[in-house]
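Only one structure is covered here, and it is reproduced in the block below.
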Amino acid sequence: RKEVEQDPGPFNVPEGATVAFNCTYSNSASQSFFWYRQDCRKEPKLLMSVYSSGNEDGRFTAQLNRASQYISLLIRDSKLSDSATYLCVVNGPDNQGGKLIFGQGTELSVKP
Amino acid sequence: DAGVIQSPRHEVTEMGQEVTLRCKPISGHNSLFWYRQTMMRGLELLIYFNNNVPIDDSGMPEDRFSAKMPNASFSTLKIQPSEPRDSAVYFCASSHLPQGAYDYGYTFGSGTRLTVV
């Protein structure tokens, strides 16, 4: 089983739609969770951290379910500019050294 | 803040040649990470350093790959000899201490797009 698994997509949605991505992780002891965004031919950039109680940043909502070991990202009122690959990130199994494990990413394409 | 600086942005080289990729982390960050990204394998961690010391190089694919961090502001990733299957985008990232990575994630450089022909 991969350490971090995501549906690669692509998710093709119209502008204004709500879209949700899920991600599962294998290490039940993981404590740090993030969503990164990567535009085509660019570097990954931090979108948001994921907290145990869930957190929201504008149109973006992140949720964590420790019992089922999955993380979700909800995007409301999708914009054309949201088109990108979204990477789920979890800390490495040894919980030392700052190692983060990246999922393969979920591709989102928002159409007019 | 200049961010993480990588050079060169693009590198095209012939099989068998030595390739050196360079990274300057954000000033004050003392953890540095080298990743490789391909369509097939996604982002793979190659090696990382804390306070200039290599912590885990288990992701380095072969002995042809080596990395150094001689001081807090500079790191290199070297491939010798290079092969076509090394073609990928190589990213460098940095963070404050190990805990900074867990609290705030990493900041990535713009990457080096390597093509070995």
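The values are calculated or read from the model by the stated rules, or taken from the named source; none is laboratory data. Quantities reported herein were computed from a predicted structural model and do not represent experimental measurements. Backbone-built Cβ (ideal geometry, glycine too); neighbour counts: all protein chains shown.
Quick notes on this structure:
- For A:P93, the criteria (1) more than 30 Å from B:Q6 (Cα to Cα); (2) assigned to a loop (DSSP other than H, G, I, E, B); (3) not basic (K, R) hold in every case but one, which is (1).
- Close pairs from region A:25-50: first facing another protein chain (nearest Cβ under 9 Å), partner of a type in the set (D, E, K, R) and buried (at least 19 other Cβ atoms within 10 Å of the Cβ), Cβ under 6 Å, at least 6 apart: A:K45/A:R37
- Within region B:36-55, one or more residues are buried (at least 20 other Cβ atoms within 10 Å of the Cβ) and either in a loop (DSSP other than H, G, I, E, B) or among the hydroxyl-bearing types (S, T, Y) (or both).
- Checking B:S27, B:S66 one by one, the residue that is more than 14 Å from chain A (Cβ to nearest Cβ) and assigned to a loop (DSSP other than H, G, I, E, B) is B:S27 and no other.
- The lone exception for A:G92 - which of (1) crowded, with 19+ Cβ neighbours inside 10 Å; (2) over 20 Å from B:A101 (Cα atoms); (3) within 14 Å of chain B (Cβ to nearest Cβ) it fails: (2)
- Selected residue (criterion: surrounded by the fewest Cβ atoms within 10 Å (Cβ to Cβ)) from residues of region B:96-113 that are in a strand (DSSP E or B) and more than 7 Å from chain A (Cβ to nearest Cβ): B:R113
- Of the residues contained in region A:9-22, none is found to be within 14 Å of chain B (Cβ to nearest Cβ), crowded, with 18+ Cβ neighbours inside 10 Å and not in a loop (DSSP other than H, G, I, E, B).
- When A:S30 is tested against (1) buried (at least 21 other Cβ atoms within 10 Å of the Cβ); (2) at pLDDT 95 or above, exactly one condition is not met: (2).
- Taking residues in region A:52-81 that are over 17 Å from B:Y102 (Cα atoms) and buried (at least 18 other Cβ atoms within 10 Å of the Cβ), and partners anywhere that are modelled with pLDDT of 95 or more and among the acidic types (D, E), the pairs with Cβ atoms closer than 7 Å and at least 6 places apart or on different chains are A:I75/A:D82; A:S78/A:E15.
- Region B:36-50, residues that are without any contact (Cβ under 8 Å) to a residue 60 or more places away in the chain and within 11 Å of chain A (Cβ to nearest Cβ): B:T38, B:M39, B:M40, B:R41, B:G42, B:L43, B:E44, B:L45, B:I47, B:Y48, B:F49, B:N50
- Residue match in region B:81-95 (condition: within 9 Å of chain A (Cβ to nearest Cβ), crowded, with 21+ Cβ neighbours inside 10 Å and among the aliphatic types (A, V, I, L, M)): yes
- Residue selection: A:E3 satisfies the criterion of being more than 10 Å from every other protein chain (Cβ to nearest Cβ) and among the acidic types (D, E).
- Complete set of residues in region A:58-86 that are among the aliphatic types (A, V, I, L, M) and in contact with a strand residue (DSSP E or B) (Cβ under 6 Å, 6 or more places away or on another chain): A:A62, A:L64, A:I71, A:L73, A:L74, A:I75, A:L80, A:A84
- Selection within region B:45-92 - within 11 Å of the chain's Cα centre (by Cα), closer than 12 Å to B:L32 by Cα and small (G, A, S): B:A67, B:S75
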